[in-house]
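Student: One structure coming up, written as structure tokens, with questions to follow.
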Amino acid sequence: MNIISLLLTLFITITPSPNFDCDSDPLTATIRNNLNGDFVITTDLEKIDKGAFVVIDWKDITLMLPVSFKKGAISFTDKKWLWSYQDNENGLHENNPRFAQRLANGRIIEHECKLPTAEIT
């Protein structure tokens, strides 16, 4: 039974959609690996390298956030903006990632993001 479980985990990948609705506006999040300077798009969260970043296009904003090196997290941040698929508190949440913004006064705004209705299965 353990061998079957191991084989199944090899075929399971975590591939989030790049398209979300955030605060009722469309958002696109494209992850690129860049450890070797090749800027390759990756869709597998388990294959993010140390040079990875996410490009977020939302409303009139384009952000390029570097991967965070926080243990137990799959997140990208420039310390003002945060895009996260996994954290220690909530676990994996690739269908409704956390998108947060820190204002100059220290206040944090949480933007509600989820898969577009057409992509929910």
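Student: Residue by residue through the stretch 90-121, note down the ones that are in a strand (DSSP E or B) and surrounded by 10 or more Cβ atoms within 10 Å (Cβ to Cβ).
Tutor: Result: Leu92, Arg98, Phe99, Ala100, Gln101, Arg102, Ile109, Glu110, His111, Cys113, Lys114.
Conditions tested, residue by residue: (1) touching a Phe, Trp or Tyr at 6+ places or on another chain (Cβ under 8 Å); (2) at pLDDT below 95.
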position: Val54; (1), (2): yes, no
position: Asp57; (1), (2): no, no
position: Ser68; (1), (2): yes, yes
position: Lys71; (1), (2): no, yes
position: Gln86; (1), (2): no, yes
position: Leu103; (1), (2): no, no
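Student: Answer yes or no: is there a residue in the stretch 97-109 that is touching a residue at least 40 places away in the same chain (Cβ under 8 Å) and under 15 Å from Asp21 (Cβ atoms).
Tutor: yes
Student: I've got another one for you. Can you tell me which residue within the stretch 71-119, out of those that are hydrophobic (A, V, I, L, M, F, W, C) and farther than 21 Å from Ile31 by Cβ, is farthest from the chain's Cα centre (by Cα)?
Tutor: Ala104
Student: Could you pull out the residue among Asn88, Asn36, Asn96 that is closer than 18 Å to Glu110 by Cα and out of contact with any strand residue (DSSP E or B) (no Cβ under 9 Å at 6 or more places or on another chain)?
Tutor: Asn88
Student: Since Ser84 meets every condition but one in (1) in contact with a Pro (Cβ under 7 Å, 6 or more places away or on another chain); (2) in a loop (DSSP other than H, G, I, E, B); (3) polar (S, T, N, Q), which condition does it not meet?
Tutor: Unmet for Ser84, out of (1) in contact with a Pro (Cβ under 7 Å, 6 or more places away or on another chain); (2) in a loop (DSSP other than H, G, I, E, B); (3) polar (S, T, N, Q): (2).
Student: Still on this structure, I have one more. Of the numbered conditions (1) buried (at least 18 other Cβ atoms within 10 Å of the Cβ); (2) without any contact (Cβ under 8 Å) to a residue 24 or more places away in the chain; (3) under 16 Å from Asp21 (Cα atoms), Asn33 fails exactly one; give the number of that condition.
Tutor: It fails just one condition, (3).
The values are calculated or read from the model by the stated rules, or taken from the named source; none is laboratory data. Everything numeric in this text was worked out from a predicted model, so none of it was measured. For neighbour counting, all protein chains shown are included, and Cβ atoms are generated from backbone atoms with ideal geometry for every residue, glycine included.
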